[in-house]
Amino acid sequence: MTSLPLLEPATDTACCAPAVPSLGAAEANDRAAVFKALADPNRLRLLSIVKNAQGGEACVCDLTDPLDLTQPTVSHHLKILVDAGLLHREKRGTWAYFSLVPGALERTAGLLESL
């Protein structure tokens, strides 16, 4: 019986340069938060309603009926959109009004392009 020759480990390590991430961990987490916020259909609908509302803002009291959701659920979704930097919240008396953060949609569109 003949034995196969053993292969020697390659000594030339110049074939590939090690991969270096150009996106840091903190920046990746920030971008992921935006994408997670947009990954829910109800949140996309909320953004659309606010964006197209007269005057560019909507009261939380006007956002429950179009989505057929309870007020606490709508408030939860709005909080996620605010935390992701997509919506701005302004308290007026007992109601909160929401508007798009200026440039937020453009910055969001550029997140994938800048990878």
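Please treat every number below as a calculation from the coordinates, not as lab data. A quick note: this is a predicted structure, and the numbers were derived from the prediction, not measured.
Here are the numbers for the structure shown:
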read-out: From the coordinates shown, P(r) over Cα pairs in 5 Å bins from 0, in percent corresponds to which of (i) 2, 13, 22, 23, 17, 11, 6, 4, 2, 1, 0, 0; (ii) 2, 9, 17, 18, 12, 8, 6, 4, 3, 3, 3, 3, 3, 3, 2, 1, 1, 0, 0; (iii) 2, 10, 18, 17, 13, 10, 8, 7, 8, 6, 2, 0; value: (ii)
read-out: Cα long-axis angle, helix 41-52 against the chain (0 to 90 degrees, to the nearest 10); value: 50 degrees
read-out: Amide hydrogen neighbours beyond the local backbone of residue 88, cut-off 5 Å, H modeled; value: 99, 100, 101
read-out: With Cα atoms, 0 to 90° folded angle of helix 25-38 axis to the chain main axis; value: 50 degrees
read-out: Using alpha-carbon coordinates, inclination of helix 104-113 to the longest axis of the chain, degrees; value: 10 degrees
read-out: Residue-averaged [θ]222 nm for the chain, counting only DSSP H segments that reach four residues, each worth -39500 (n - 2.57); value: -14000 deg cm²/dmol
read-out: Gyration tensor (alpha-carbon) shape descriptor, the range 61-113, a/c threshold 1.5; value: prolate
